[in-house]
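Following: one structure in structure tokens, then a few remarks.
Readers should treat all values here as calculations from the given coordinates under stated rules, not as data from a laboratory. Remember, predicted model here, so these are calculated numbers, not experimental data. Counting neighbours? That spans all protein chains shown, and the Cβs are built from the backbone with ideal geometry, glycine included.
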């Protein structure tokens, strides 16, 4: 099944305009549960209740508020929020180009792809320029009532647009506490290097499976047919008291997996 574009826009680089289509680079595969009544399996309804009177509050009587301090709220209405929302555009503006390693992965939020919307010559030239220069374009755009920021990159023969987290949501690694304990010994470093070498292998995306989701789906399908799958028991690794022992075990296990 071919991918479907979710949005059309114009990629703006100074005076150059490149028509593009935006495609999702990830999809939601979470299992969405409904709350149901245990006796008759009927979905329950959610109601807003006034905690003081215990009465149901109708939707037209509900407002949004921000609690500044306990018990003190500032109420805002939909018109006020709508007036503050970014104006919808069909432009993805590139504000600058930076080296690829200037954008730390801690900023990455969600991947998208851009495809050409029409002639692809300018599009292909931009892909090659980003790839050859190992560059990222810093982008901004407004879509569906939200302001987005992103990093534009070459991905094979396409353009990838990775949405970036806002600055106030990113916690730099520099703010983490420094690791405690004595420095690793020469023997521990050698064992760590052996472990890395033993696990050296091509990246296989098929290994990135959500096993919990698969087990839940198997459970649901089995119960729908009137049966229940056997419980899965996983043996937890035994704790070790020192790093050298843990690394030796890891190296041995990695070598066995690689031999198999």
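Points worth noting:
- Residues considered: 26, 174, 120. Largest GNM mean-square fluctuation over the chain, using C-alpha springs under 10 Å, is found at 174.
- Mean shadow area of the stretch 1-155, taken as a quarter of the surface of its Cα convex hull (nm²): 15.8 nm²
- Reported to the nearest whole Å, the Cα centre-to-centre distance from the stretch 122-145 to the stretch 181-216 is 33.
- Among 103, 76, 170, residue whose mean-square fluctuation peaks in a GNM of the chain (springs only between Cα atoms under 10 Å): 76
- Semi-axes of the equivalent ellipsoid for the chain, Cα gyration tensor, largest first, Å: 39, 36, 24
- Net lengthening on full extension, residue 56/residue 168 (0.36 nm per residue, minus Cα-Cα): 36.6 nm
- Listed residues 35, 191, 135, most fluctuating in the chain (Gaussian network, C-alpha, under 10 Å): 35
- Relative contact order (percent, whole number), the chain, Cα cutoff 8 Å, 6+ residue spacing: 16 percent
- Sites residue 219 and residue 128, calculated FRET efficiency, Cβ-Cβ separation with R0 45 Å, nearest 0.05: 0.40
- Per-residue ellipticity at 222 nm computed for the chain from its helices equals -8000 deg cm²/dmol, with DSSP H segments shorter than 4 residues left out and the rest contributing -39,500 (n - 2.57).
- Sites residue 178 and residue 105, calculated FRET efficiency, Cβ-Cβ separation with R0 22 Å, nearest 0.05: 0.55
- Dividing the mean sequence gap of close Cα pairs (under 8 Å, 6+ apart) by how many residues the stretch 102-243 holds gives a relative contact order of 20 percent.
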